[in-house]
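Notes follow the structure.
Every number here is computed from the coordinates shown, using simple stated rules; none is lab data. Bear in mind that the values here come from a model prediction, so they are computed numbers and not experimental data.
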Amino acid sequence: MYSEFIAATLESQMKIEESNIRAAFDRIDCDNTGFISKKNLCCLLGDTCNDAFVDSIIREADTNHDGVISFHEFMDAFHKKKKSDLMGFM
């Protein structure tokens, strides 16, 4: 029963957070391609851009392996991370 409550709570929060997630995605997608690329991440990170680090971010979120992160993949990665963080408290 408690797990169902948590799932329902997460679902309602997802709807509220989607606009915030979209704003974050759009900010990272500085060239307005509709995808987050390695170039976008390096632009965001500036002088601290590290190829290995950026490649690992893309590899983790890019579930269709096309080399970029779509909004859907970005949302999935965000929710997967949030869910794993919550499960750590149970």
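Fully extending the segment from Ile21 to Cys42 would add 5.6 nm, taking 0.36 nm per residue of separation and subtracting the current Cα-Cα distance. Under conditions of 25 °C and 0.890 mPa s, the range 12-70 yields 202 µm² s⁻¹ as its translational diffusion coefficient, taking Rh as the Kirkwood radius over Cα pairs in the Stokes-Einstein equation.
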